[in-house]
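Following: one structure in structure tokens, then a few remarks.
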Amino acid sequence: NRTEVALSSLETSSIIVRICALYTDIFLMLSGVLVAYSITNRLMLNQKVSILREYLTRYVRIIPNVIVTMLLTVFILPIISRKTALQTLLIDKPAELCARNGWRNIFMIHNWFKFEEMCNLHTHHIGTDFELFLIAPFLLILLWKTPRRGYAIIFTMLFIATALRFYVTYTKELTYFVPFSTRLSTLIQTANYLYTLPSHRFTVYGI
């Protein structure tokens, strides 16, 4: 009921849905905290940190789930779903996108492509998190060995990420928050130019 949806968006409680981008920020911040805790803990115990092994371990832990969800989207959901008018939009279109663009998810680069062309777009944050993780070990080791230089570099990166986020939001008139009567095209542009890119999401991860 579109009328009911429109009216409910005026309620104060609707902020929980309309500020949904905040949940991805929380996810990225928790991920950064856990990575920092894990690597710093080993450095405190004088254990060697192999960056290549860190990458491989993270990838091997994540990729089976990514592949399973793609297989479900392409082969299982179209079979078990009810044949309704919404199937083309909610089932068939994602299945087609995963069959064509699923390789991007396997290489963890799907978040760099358009939101409307993404296979399993609800997994965009996994790609963003993995790409941010690629620089995390270097920053943590630097911070451990030379704290002043480490802090200086991290705060510089935080400033640049925040400036980029502001610049893109301002120049392209994007909205990180979903106000009443926002155009769908604006939300898609926000996703494409701001929401999924690690360069704009480093702010919370770096903190």
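The values are calculated or read from the model by the stated rules, or taken from the named source; none is laboratory data. Note that the coordinates shown come from a computational prediction; the quantities given were computed from them, not determined experimentally. Backbone-built Cβ (ideal geometry, glycine too); neighbour counts: all protein chains shown. When the accessible area is computed, the model is the full protein with side chains, heavy atoms only, and any ligands, DNA or RNA have been set aside. Shrake-Rupley method; radii C 1.70, N 1.55, O 1.52, S 1.80 Å.
Accessible area per residue for the chain is 64 Å², calculated with a 1.4 Å probe on protein heavy atoms, without ligands, DNA or RNA.
Modelled this way, with points 7 Å down the Cα-to-C-beta line, the labels at Tyr23 and Gln47 are 3.3 nm from one another. Against the chain, whose longest principal axis comes from its Cα atoms, helix 124-133 is set at around 10 degrees. Helix 21-44 and the longest principal axis of the C-alpha atoms of the chain enclose an angle of approximately 20°.
Evaluating 6.51 cos²θ - 1.76 cosθ + 1.60 at θ = phi - 60° for every residue in segment 142-155, the Karplus couplings come out as 4, 5, 6, 7, 9, x, 4, 5, x, 4, 4, 5, 5, 5 Hz, glycine and proline recorded as x. Projected label points at Phe159 and Arg100, each 7 Å from Cα along the beta carbon direction, are separated by 4.4 nanometres.
If you take the charge dipole of the chain about its Cα centre, with +1 on Lys and Arg Cβ and -1 on Asp and Glu Cβ, which of Ile51, Phe166, Ala95 is farthest toward its positive end? Farthest towards the positive pole: Ile51. Counting only lysines at least 8 places from Lys172 when in the same chain, those with an alpha carbon closer than 26 Å to its own are Lys114.
When only Cα pairs under 8 Å and 6 or more residues apart are kept, what is the percent relative contact order across the chain? Intermediate results must be reported in sequence, preceding the final value.
Numbers: 176 pairs, mean separation 60.6, N = 207.
It rounds to 29 percent for the chain.
The simple Förster model, with R0 at 35 Å and r as the Cβ-Cβ distance, assigns Thr175 and Gln87 a FRET efficiency of 0.70.
To the nearest ten degrees, helix 51-71 and the longest principal axis of the Cα atoms of the chain are 10 degrees apart. Compared with the direct C-alpha span, the chain from Ser9 to Ile80 gains 22.3 nm at full extension, assuming 0.36 nm per residue.
May I ask you to compute the full-extension gain from Phe166 to Ile188, defined as 0.36 nm times their residue separation minus their alpha-carbon distance, rounded to one decimal in nm? Intermediate results must be reported in sequence, preceding the final value.
Numbers: separation 22, 0.36 × 22 = 7.92 nm, distance 1.73 nm.
Stretched out fully, the Phe166 to Ile188 stretch lengthens by 6.2 nm.
For the chain, Cys20 stand unpaired, since no other cysteine beta carbon lies under 4.7 Å from theirs. Here Lys48 is the anchor, and the lysines within straight C-alpha reach of less than 20 Å, apart from those fewer than 8 places off in the same chain, are Lys145.
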